[in-house]
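Peer 1: Starting off with a structure, shown below.
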Amino acid sequence: MEMIGILIVFVGLLYGLVLMQQKHISYTKRTFAGLGLGILFGGSLQLIFGTEHEALKGAIEWINVVGGGYVRFLQLLVVPLIFISLVQAFTKITENANIARIATNVLGTLMITVMIASAIGLVVALFYNLDGAQFTRGAEESARILDLQERQTEVANLAMSEQVLNFIPSNIFEDFANLRPTSTIAVVIFSSLVGVAYLGVARKEPEQAETFKQIIDAFHAIVMRIVTLVLRMAPFGILALMTRMTATSSLQALINMGTFLIANYTAILLMFAVHMLILILHGLNPRQYLQKVWTVLSFAFTSRSSAGSLPMNVSTQTDALGVDSTTANFSGTFGLSIGQNGCGGIYPTMLVAIVAPAVGMDLSSPATWATIILTVAISSFGVAGVGGGATFASLIVFSTLGLPIEIIGLMISIEPIIDMGRTALNVNGSMIAGVTSSKRLNLLDQSIYEDSNQQFVSEPTN
């Protein structure tokens with residue numbers, strides 16, 4: 001009966017979100033309502049039942065059908081979004097657009113910012129004097145470590161050069177099925193090849209190219225409609241995910257790892273400040289920027305999905321920030337799997353800093369810093385745009401540097417909380433790459449950027 005009571009309350013909360021939608025309350029407010037209600041409901045359940053009560057465990061299994069289902073739909077979108085968005089970016093290239101310069105600028109910005117993020121992660125970890133010995137291992141953490149040890153075998157015996165070689169697809173259907181850890185970057189590479197091939201056909205056989213463009217446009221419309229349907233689920237999925245997290249997370253574990261949690265958000269906020277400094281150096285107003293990207297960053301924070309944020313990301317750049325369509329699509333799509341400042345930069349670096357002294361790495365040496373930062377930058381390629389990418393990036397870094405992976409598994413109790421901030425930073429990094437690249441190439445419509453009335457308002461509610 002207790003389990004049924006919990007589920008009845010949960011269904012009531014879901015219905016409350018439905019009523020908010022029917023009253024046309026904004027999507028952002030509904031998403032944050034799901035976040036807040038999930039935290040309050042899950043926390044109340046833990047206070048009433050504890051984390052080991054059978055009724056709670058049974059109810060959480062059913063609640064996770066909503067949360068886990070939402071995550072699976074987001075994962076479903078990753079490969080189609082990457083492929084169709086990147087290929088369409090090539091089909092929208094105008095004759096005077098220099099595709100090589102656009103791609104180089106976007107990739108260069110992503111790689112530079114991820115290296116800065118890595119350096120900030122090192123500085124913050126040293127400032128807080130983080131020590132792996134302070135973290136406790138429970139049954140869930142031990143199970144996570146065993147799982148990671150199995151996953152580590154995928155990359156443990158590969159040199160860095162072999163890991164880079166693995167980015168190149170040998171069977172694209174395998175990567176479309178997302179069967180390899182590096183499938184996302186492989187799809188990016190294949191999509192780029194298709195796009196370059198389209199440009200060649202467009203010059204020699206324009207009629208054939210126009211037919212292909214129409215097909216891609218039709219597929220893009222369908223995929224974007226699927227995205228709209230999935231994003232409608234976000235408030236409900238977030239409610240379920242936050243309920244599960246707060247109801248089952250060990251309060252003691254959160255207390256034990258509180259310093260690491262604070263350190264991560266310190267690094268994330270510092271990197272956000274760096275992003276704003278980059279805008280200033282390009283002669284762009286950070287306040288204007290923040291006002292316009294609030295919706296997409298809010299969604300990224302609550303959904304914990306860079307891939308799910310891609311349509312908002314690109315639309316915000318083009319509609320509200322004045323970025324040209326090609327650069328916006330490139331930065332948004334590349335940012336899903338390359339140079340993620342939070343998941344690929346800060347997080348793996350801070351974990352390395354925690355265990356480095358125990359294995360004899362001298363963090364006072366500039367050579368050690370350079371090794372860590374370069375390893376992290378290269379390993380940031382192929383990070384998936386949905387939850388779990390930071391873990392895989394960390395595995396590659398740890399395997400390359402020969403470090404024990406146990407510390408990665410010990411973060412399971414607080415990783416969802418950290419992941420919210422990481423994802424928002426990832427998405428912001430990709431938009432910064434788009435805006436600044438467009439500005440450097442004189443493609444930015446600065447009148448749109450400076451117009452406060454130009455806002456992204458197309459929320460997934462219709």
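Peer 1: Pop the C-beta distance of Glu54 and Val18 into the FRET formula with R0 = 30 Å and round what comes out to the nearest 0.05. Walk me through the numbers on the way to the answer.
Peer 2: Numbers: r = 30 Å, r/R0 = 0.99.
Here the calculated transfer efficiency is 0.50.
Peer 1: Return the Rg/Rh ratio of the chain with Cα-based radii and a Kirkwood Rh. Kindly include the intermediate steps, with their values, before the conclusion.
Peer 2: Values: Rg = 22.0 Å, Rh = 22.8 Å.
Ratio of gyration radius to Kirkwood radius for the chain: 0.97.
Peer 1: Assuming 0.36 nm per residue, please report the length gained on full extension of the stretch Leu76 to Asn285 beyond their Cα-Cα distance.
Peer 2: Values: separation 209, 0.36 × 209 = 75.24 nm, distance 3.64 nm.
Computed gain between Leu76 and Asn285 is 71.6 nm.
Peer 1: Then there is this: Along Cα→Cβ, 7 Å out, is where each label goes; now give me the distance between the ones at Thr104 and Asn129 in nm to one decimal.
Peer 2: For the pair Thr104/Asn129, the computed spacing is 4.8 nm.
Peer 1: Further question: Tell me which lysines have Cα within less than 29 Å of Lys439's Cα, excluding those fewer than 8 residues away on the same chain?
Peer 2: By straight Cα distance, Lys439 reaches Lys92, Lys213, Lys292.
Peer 1: Roughly speaking, what is the stretch gain from Thr228 to Ser364, that is 0.36 nm per residue apart minus the C-alpha to C-alpha distance, in nm to one decimal?
Peer 2: Details: separation 136, 0.36 × 136 = 48.96 nm, distance 4.91 nm.
Length gained, Thr228 through Ser364: 44.0 nm.
Peer 1: Ranked from highest to lowest mean number of other Cβ atoms within 10 Å per residue, what is the order of the peptides 38-51, 363-376, 416-429, 195-208?
Peer 2: Working: 38-51: 17.5, 363-376: 15.2, 416-429: 25.4, 195-208: 13.3.
So the peptides 38-51, 363-376, 416-429, 195-208, ranked by packing, come out 416-429, 38-51, 363-376, 195-208.
Peer 1: Using the Cβ atoms and a cut-off under 13 Å, what net charge is assigned to the surroundings of His220, where Lys and Arg are +1 and Asp and Glu are -1? Mind showing how you got there, number by number?
Peer 2: Numbers: positive: Lys92, Lys213, Arg225; negative: Asp217.
Computed value for this residue: +2.
Peer 1: Would you mind working out the accessible area per residue for the chain, using a 1.4 Å probe, and quoting it in Å²? Mind dumping the intermediate values first?
Peer 2: Working: 19430 Å² over 462 residues.
Solvent-accessible surface per residue comes out at 42 Å².
Peer 1: For Val65 and Thr371, compute 0.36 nm times the residue count separating them, minus their Cα-Cα distance, and round to one decimal in nm.
Peer 2: Working: separation 306, 0.36 × 306 = 110.16 nm, distance 4.26 nm.
This chain segment gains 105.9 nm when fully extended.
The values are calculated or read from the model by the stated rules, or taken from the named source; none is laboratory data. Everything numeric in this text was worked out from a predicted model, so none of it was measured. Ideal geometry is used to build each Cβ from the backbone, glycine not excepted, and the neighbour counts take in all protein chains shown. All accessible areas refer to the heavy atoms of the entire protein, side chains included, with ligands and DNA or RNA removed. Shrake-Rupley method; radii C 1.70, N 1.55, O 1.52, S 1.80 Å.
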